[in-house]
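Engineer: Provided herewith is a single structure, encoded as structure tokens, for subsequent inquiry.
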Amino acid sequence: MSDPRPAPAGYTLTAQASLERHTTFRVPARAAWLAELMDDAVVPEILARPELEDLPVLALGEGSNILFTRDFEGLVLKFANAGIEVLTNGDVSRVRVAAGENWDAFVRWSLSQGLSGLENLILIPGSVGAAPIQNIGAYGAEVREFIVSVAAWDNQQSESVVLDNAACRFSYRDSVFKQEPGRYFITSVEFDLPRAHPLRLDYSGVREELAAQGIVAPRSADVAKAVETLRRRKLPDPAIIGNAGSFFKNPLIATERAEALRRAFPGLPLYNSSAGNSKISAAWLIESCGFKGVRDGDTGVSDKHSLVLVNYGHATGVQILALATRIRDAVAARYGITLEPEPLIL
């Protein structure tokens, strides 16, 4: 049973806490300790508590990018701190956002303030603090383009730090926060958001959706509406069916090898990503191996999008991981490409 312990203002502390409602996969798992933070300033105080010293620590936002396959025998820090602060206001506004703020709500707030840049990233589940970790991206945009700095608790140095954009070492679905797991607990993020920004319209049906809505001269809000429509059409809602969004990254491989694969498998979608490399659609690879819509007990692959693994009700993390492994092995056997998962898997 959960064992709530008295705690000072700013956080709650629970022993043997269920994590099921704290992740979008909604698989059964427990944490030895769960600290829910309303004030990020209490992080060092929590870590200094005698019963929590020397335990492994895991930072958690809204749990939209994690899969538990077992209980966590340590401390889960769940960031629930809130607040949006406009630091400067002009053609480009600098905004500081608490890690516990909901990402989609922040995007909608930015649009309501006449700010642009984040419109293609609407409806991505999760918290603001989680966004830099995997450098979230969608429809041709990535969050790193707008991040100025990230404030965090450095668990290695036992101090608060601020990492500028370069120090975050952003790359495709990656950052220093993934490269050094367990070191940084993000407390807030600063963004530079322009009032005018070139719109990204050339990705995955955005122009077509705008045309279907009769929009000839789109604004940021129009692009956001188009992307939201596309996402709702293509992706299952984690509030209705357990999932963590895209389970695999789109693989990046040498362009010469990618072209050879397309000659062998006509129709294989390729996207130029960087000098000498091409991005391949992981969804196409998975679907071509026959996994779209596959169901095995209470776990399966969405019939809306083959990148999304789902929990139909009572799947365990072990079962979801087993299906992911089957998919990875099938793609590797057919195409010689090993898919990498996007979520953190414990």
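The values are calculated or read from the model by the stated rules, or taken from the named source; none is laboratory data. Computed from a predicted model, the values in this text were never measured in an experiment. Because the Cβ atoms are built from the backbone with ideal geometry, glycine has one as well, and the counts that use them run over all protein chains shown.
Engineer: Identify, please: which residue in region 260-277 is surrounded by 13 or more Cβ atoms within 10 Å (Cβ to Cβ) and more than 22 Å from the chain's Cα centre (by Cα) and is, among those, farthest from Asp298 (Cα to Cα)? Reasoning before the result, please.
Structural biologist: In the first step, residues of region 260-277 are kept if they are surrounded by 13 or more Cβ atoms within 10 Å (Cβ to Cβ); the result is 261-262, 265, 268-271, 273, 277.
If we keep only those that are more than 22 Å from the chain's Cα centre (by Cα) as well, we get 261-262, 265, 268-270, 277.
Numbers: Leu261: 34, Arg262: 35, Phe265: 32, Leu268: 31, Pro269: 31, Leu270: 33, Asn277: 37 Å.
Applying the filter and picking the extreme gives Asn277.
Engineer: Applying the selection to region 243-252, what residues are within 12 Å of Glu340 (Cβ to Cβ), out of contact with any Asp or Glu (no Cβ under 6 Å at 6 or more places or on another chain) and part of a strand (DSSP E or B)?
Structural biologist: Hits for region 243-252 are Phe248, Leu252.
Engineer: Name, by its number, the condition in (1) touching a Pro at 6+ places or on another chain (Cβ under 7 Å); (2) without any contact (Cβ under 8 Å) to a residue 24 or more places away in the chain that does not hold for Thr24.
Structural biologist: The failed condition is (2).
Engineer: Using the structure shown, decide if Ser306 is of a type in the set (Ser, Thr, Tyr), surrounded by 20 or more Cβ atoms within 10 Å (Cβ to Cβ) and either assigned by TED's automatic domain parsing to the domain that holds Glu142 or part of a strand (DSSP E or B) (or both).
Structural biologist: Numbers: of a type in the set (Ser, Thr, Tyr): yes; surrounded by 20 or more Cβ atoms within 10 Å (Cβ to Cβ): yes; either assigned by TED's automatic domain parsing to the domain that holds Glu142 or part of a strand (DSSP E or B) (or both): no.
Here the answer is no, as Ser306 does not meet what is asked.
Engineer: Just the residues that are assigned to a loop (DSSP other than H, G, I, E, B) and either at pLDDT below 95 or in contact with a Leu (Cβ under 8 Å, 6 or more places away or on another chain) (or both), please, taken from region 92-112.
Structural biologist: Here is the first cut: in region 92-112, the residues assigned to a loop (DSSP other than H, G, I, E, B) are 99-101.
Passing the criteria: only Gly100.
Engineer: Kindly indicate the residue of region 155-185 that is in a loop (DSSP other than H, G, I, E, B) and of a type in the set (Ser, Thr, Tyr) and also surrounded by the most Cβ atoms within 10 Å (Cβ to Cβ) among those meeting that condition. Steps first, answer last, please.
Structural biologist: Of region 155-185, the ones in a loop (DSSP other than H, G, I, E, B) are 155-158, 165, 169-170, 172-173, 175, 180-183.
Imposing the further condition that a residue be of a type in the set (Ser, Thr, Tyr) reduces the set to 158, 172, 175.
Details: Ser158: 10, Tyr172: 16, Ser175: 23.
Once the filter is applied, the top-ranked residue is Ser175.
Engineer: Here are Pro44, Pro50: which of them is exposed (fewer than 15 other Cβ atoms within 10 Å of the Cβ) and in contact (Cβ under 8 Å) with a residue 60 or more places away in the chain? Step through it out loud before you land on a result.
Structural biologist: Details: Pro50 fails: in contact (Cβ under 8 Å) with a residue 60 or more places away in the chain.
The unique qualifying residue is Pro44.
Engineer: Do we find that Ala82 is within 17 Å of Asp40 (Cα to Cα), small (Gly, Ala, Ser) and out of contact with any helix residue (DSSP H, G or I) (no Cβ under 8 Å at 6 or more places or on another chain) in this structure? Outline the logic, then answer.
Structural biologist: Numbers: within 17 Å of Asp40 (Cα to Cα): yes; small (Gly, Ala, Ser): yes; out of contact with any helix residue (DSSP H, G or I) (no Cβ under 8 Å at 6 or more places or on another chain): yes.
It is true that Ala82 is within 17 Å of Asp40 (Cα to Cα), small (Gly, Ala, Ser) and out of contact with any helix residue (DSSP H, G or I) (no Cβ under 8 Å at 6 or more places or on another chain).
Engineer: Hey, Ser149 hits all of (1) in a loop (DSSP other than H, G, I, E, B); (2) of a type outside the set (A, V, I, L, M, F, W, C); (3) more than 16 Å from Arg200 (Cα to Cα) but one; which does it fall short on?
Structural biologist: (1)
Engineer: If you go through region 212-242 one residue at a time, how many are assigned to a helix (DSSP H, G or I), modelled with pLDDT of 90 or more and surrounded by 13 or more Cβ atoms within 10 Å (Cβ to Cβ)?
Structural biologist: Looking only at that region, the number is 12.
Engineer: Hey, Asp154 hits all of (1) under 30 Å from Leu77 (Cβ atoms); (2) without any contact (Cβ under 8 Å) to a residue 24 or more places away in the chain but one; which does it fall short on?
Structural biologist: Failed condition: (2).
Engineer: Let me ask something else. Of the residues Gly297, Gly205, Gly245, Gly293, which single one is surrounded by 15 or more Cβ atoms within 10 Å (Cβ to Cβ) and under 30 Å from Arg26 (Cα atoms)? Before the answer, list the steps.
Structural biologist: Working: Gly297 fails: surrounded by 15 or more Cβ atoms within 10 Å (Cβ to Cβ); Gly205 fails: under 30 Å from Arg26 (Cα atoms); Gly293 fails: surrounded by 15 or more Cβ atoms within 10 Å (Cβ to Cβ).
On inspection, the qualifying residue turns out to be Gly245.
Engineer: Please go through (1) exposed (fewer than 15 other Cβ atoms within 10 Å of the Cβ); (2) of a type in the set (Lys, Arg); (3) in a strand (DSSP E or B) for Arg70 and return the number of the only condition it doesn't satisfy.
Structural biologist: (3)
Engineer: Taking the options Leu19, Leu52, name whichever one is over 26 Å from the mean Cα position of the chain (by Cα) and under 30 Å from Val318 (Cβ atoms). So that I can check it myself, show each step before the final result.
Structural biologist: Numbers: Leu19 fails: over 26 Å from the mean Cα position of the chain (by Cα).
Criteria check complete, one pass: Leu52.
Engineer: Now for a different question. For region 76-86, state whether one or more residues are at pLDDT 95 or above, of a type in the set (Val, Ile, Thr) and crowded, with 20+ Cβ neighbours inside 10 Å.
Structural biologist: yes
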